[in-house]
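A.B. asks: Here's a structure for you.
The values are calculated or read from the model by the stated rules, or taken from the named source; none is laboratory data. Only a predicted model underlies this, so the values are computations on that prediction, with no experimental measurement involved. Cβ atoms come from the backbone with ideal geometry, glycine included; neighbour counts cover every protein chain shown. Ligands, DNA and RNA are stripped out before the accessible areas are found, and what is left, the full protein with its side chains, is counted by its heavy atoms. Shrake-Rupley method; radii C 1.70, N 1.55, O 1.52, S 1.80 Å.
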Amino acid sequence: MVQLCDKIDLNDLPQFLTLAGDKYVAEIKEDGDRIRLRMVKGKVFLSNRRTRDVTEVYPEMQTLSSTKDFFIDGEMCVLDDKGVSQFNTGISHRSHCKGWESVRNSMAGYPVTFVVFDILELDGENLRNKPYLERRKILESMGLEAHPNIKLVEQIKDIKDGWDRVVREEREGLILKHINSIYKEGFRSSNWKKVKNIKEVDLRFTRFDQNPQGITVENNEGIRCLVGGRHQYPVKEQFAKHGEVVITIRHLGKTKAGKYRQPVFAKIVED
């Protein structure tokens, strides 16, 4: 299981940075499909955050070659012409592909970049208990960026300048990592913090209506949001399994009546 991040509210970021001093560095937060790649005797295997095998969904990774065995963690992304990762208009078109024909038809329009941010194993050695900065140095020595579809996540030491850039370039946010943090499988680490540059909220929806554009979900407070196109199908699957679904919506603030202005579906929230 992957390690997850705690959240920091944007309003709390200045105080956090004052207290953190030089104990944290930042990484650009990419909006993609959380993927871990394992190289074993020259063969590549991919799994998502739920440990499901997705090797066939991203065949671009099969051209990666190495004499080493390793296990790395990252985000599979579709980048726009400015290098900014896109979710609804990007990686969702790849991550939901089922079958080779669907993958092949999506590859040209939605080419992927695997943005790597951690290494967990190298030639049989468990690196999870090594400090983050040490793991980062090992990762940088691997030469992974020689592959056309792989890059290392950008690391930023001046977090304030990094945040100003996130805002200026309209990126999703930053991941703040303690320089001595270890990697704990299946945990939400307090040493990894994410702060987002968008107004988002996770809401639990309990019903939906079908319409020509997709489905409109609604919660017990009467908040409604359209889920269109291919995104409606995994949402309906969650309703069928659990009778409800937790969804991240993006919005432009709240009205005086407590409604969200122009709510837009972002993604399903998964435990």
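A.B. asks: Of the residues that make up region 11-19, is at least one modelled with pLDDT of 90 or more and in contact with a Leu (Cβ under 8 Å, 6 or more places away or on another chain)?
C.D. replies: No, that holds for no residue.
A.B. asks: Hey, can you tell me all the residues within region 68-86 that are under 14 Å from Val112 (Cβ atoms) and assigned to a loop (DSSP other than H, G, I, E, B)?
C.D. replies: Filtering region 68-86 down to residues under 14 Å from Val112 (Cβ atoms) leaves 74-80, 83, 85-86.
Result: Asp80, Gly83.
A.B. asks: Can you pull out the helices (runs of 4 or more DSSP H) entirely within region 87-189 that have at least 3 residues that are open to solvent by 10 Å² or more (accessible area, probe 1.4 Å)?
C.D. replies: Helices (runs of 4 or more DSSP H) meeting the threshold: 100-107, 132-140, 159-168.
A.B. asks: Tell me the residue from Asp31, Asp22 that is touching a Cys at 6+ places or on another chain (Cβ under 8 Å) and modelled with pLDDT under 90, please. Give the steps one after another, and end with the answer.
C.D. replies: Values: Asp22 fails: touching a Cys at 6+ places or on another chain (Cβ under 8 Å).
From the options Asp31, Asp22, the qualifying one is Asp31.
A.B. asks: Which residue is most open to solvent (accessible area, probe 1.4 Å), if the candidates are limited to region 39-62 and must be touching a residue at least 40 places away in the same chain (Cβ under 8 Å) and basic (Lys, Arg)?
C.D. replies: The extreme case among them is Arg50.
A.B. asks: Would you check if there is a residue in region 209-223 being hydroxyl-bearing (Ser, Thr, Tyr), within 16 Å of the chain's Cα centre (by Cα) and closer than 27 Å to Gln86 by Cα?
C.D. replies: Of region 209-223, the ones hydroxyl-bearing (Ser, Thr, Tyr) are 216.
Right, trim to within 16 Å of the chain's Cα centre (by Cα) and you get none.
No, that holds for no residue.
A.B. asks: Would you tally the residues in region 195-214 being in contact with a Gly (Cβ under 8 Å, 6 or more places away or on another chain) and either buried (at least 17 other Cβ atoms within 10 Å of the Cβ) or at pLDDT below 90 (or both)? I'd like the intermediate steps shown before the answer.
C.D. replies: The initial filter retains those residues of region 195-214 that are in contact with a Gly (Cβ under 8 Å, 6 or more places away or on another chain), namely 195-199, 206, 213-214.
From the residues that got through so far, the ones that are either buried (at least 17 other Cβ atoms within 10 Å of the Cβ) or at pLDDT below 90 (or both) too are 195-199, 213-214.
The total comes to 7.
A.B. asks: Now a separate question. In this structure, does Ser102 turn out to be at pLDDT below 95, within 23 Å of Gln86 (Cα to Cα) and touching a Lys or Arg at 6+ places or on another chain (Cβ under 8 Å)? Give the derivation first.
C.D. replies: Values: at pLDDT below 95: yes; within 23 Å of Gln86 (Cα to Cα): yes; touching a Lys or Arg at 6+ places or on another chain (Cβ under 8 Å): no.
It is false that Ser102 is at pLDDT below 95, within 23 Å of Gln86 (Cα to Cα) and touching a Lys or Arg at 6+ places or on another chain (Cβ under 8 Å).
A.B. asks: What pairs can you find where one residue is in region 18-32 and part of a helix (DSSP H, G or I), the other is buried (at least 23 other Cβ atoms within 10 Å of the Cβ), and their Cβ atoms are less than 9 Å apart, with a gap of 6+ or different chains?
C.D. replies: Ala20/Leu176
A.B. asks: State which residue pairs qualify: first residue over 15 Å from Lys137 (Cα atoms) and charged (D, E, K, R) and inside region 168-185, second residue modelled with pLDDT of 90 or more and in a loop (DSSP other than H, G, I, E, B) in any location, beta carbons under 7 Å apart, and separation of 6 or more residues or different chains.
C.D. replies: Lys184/Gln3; Glu185/Gln3
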